[in-house]
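Engineer: A single structure is presented below for examination.
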Amino acid sequence: MAKKEVSTKKSVVSGSTSSNEKAATTYRKTSVGNKNLFNEQAVVYQSLYANPISLLNSSKKGLDAKAALDFINLSGFTQEQFQDTFKTTIKTIQNYDRQELKLDASLSEKLLKSFALFEKGIELFGSAEAFNDWLHVSAYGLGNQVPVEMMDTITGIGLIEEELIRIAYGDLA
């Protein structure tokens, strides 16, 4: 995603205490083509995060490195965004994939929580692109922090999930 697109979206939603409401309205109007694409490709991972016990067990076993590469493709994250968020390099992931190694529990959990987050975000905003745009705009309900900058921790992902629930139910204050 080009920086120009992000700054354009910021100007659309900034300057108001109800910026999330405007963002949600704007993004609900977006095409839902990416929504189905994400769901079709991510179905492999849905059972792994379907409930807390599945998430825990799947994380402890470790995901195949291919899951990280799938997340990049499905989410629209750039390689740089992925590296900043998940604190590992693409080269490391590619090496793990070639050697058929499993990711550690911490990275596996963060990836699964991110898959779940994107599933919710796409459902709310209509496409991966629209959700990704929202992730790059400061959110009033998150203390005016930029959500993507919070995704490097499990707590941050949880706070973003809570914000998505508030937006879905219209609780934007």
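The values are calculated or read from the model by the stated rules, or taken from the named source; none is laboratory data. The model shown is predicted, which means the values in this text are computed figures rather than measured ones. Quick reminder, even Gly has a Cβ in these numbers, built from the backbone with ideal geometry, and neighbours come from all protein chains shown.
Engineer: Being modelled with pLDDT of 95 or more, surrounded by fewer than 22 Cβ atoms within 10 Å (Cβ to Cβ) and outside any helix (DSSP H, G or I) narrows it down to one residue among THR92, THR155, THR88; which is it? I'd like the intermediate steps shown before the answer.
Structural biologist: Details: THR92 fails: outside any helix (DSSP H, G or I); THR155 fails: outside any helix (DSSP H, G or I).
On inspection, the qualifying residue turns out to be THR88.
Engineer: Any idea which of ASP152, ASP133, ASP64, ASP84 is without any contact (Cβ under 8 Å) to a residue 60 or more places away in the chain and acidic (Asp, Glu)? Break it down into steps so the answer makes sense when it comes.
Structural biologist: Working: ASP152 fails: without any contact (Cβ under 8 Å) to a residue 60 or more places away in the chain; ASP133 fails: without any contact (Cβ under 8 Å) to a residue 60 or more places away in the chain; ASP84 fails: without any contact (Cβ under 8 Å) to a residue 60 or more places away in the chain.
That would be ASP64, the only listed residue that is without any contact (Cβ under 8 Å) to a residue 60 or more places away in the chain and acidic (Asp, Glu).
Engineer: May I ask you to say which residue of GLU123, GLU129, GLU109, GLU149 is modelled with pLDDT of 95 or more, surrounded by fewer than 21 Cβ atoms within 10 Å (Cβ to Cβ), among the acidic types (Asp, Glu) and not in a loop (DSSP other than H, G, I, E, B)?
Structural biologist: On the way: GLU123 fails: modelled with pLDDT of 95 or more; GLU129 fails: modelled with pLDDT of 95 or more; GLU109 fails: surrounded by fewer than 21 Cβ atoms within 10 Å (Cβ to Cβ).
GLU149 is the lone residue from the list that is modelled with pLDDT of 95 or more, surrounded by fewer than 21 Cβ atoms within 10 Å (Cβ to Cβ), among the acidic types (Asp, Glu) and not in a loop (DSSP other than H, G, I, E, B).
Engineer: Can you pull out every residue in region 36-60 that is at pLDDT below 70 and surrounded by fewer than 13 Cβ atoms within 10 Å (Cβ to Cβ)?
Structural biologist: Selection gives ASN36, GLU40, GLN41.
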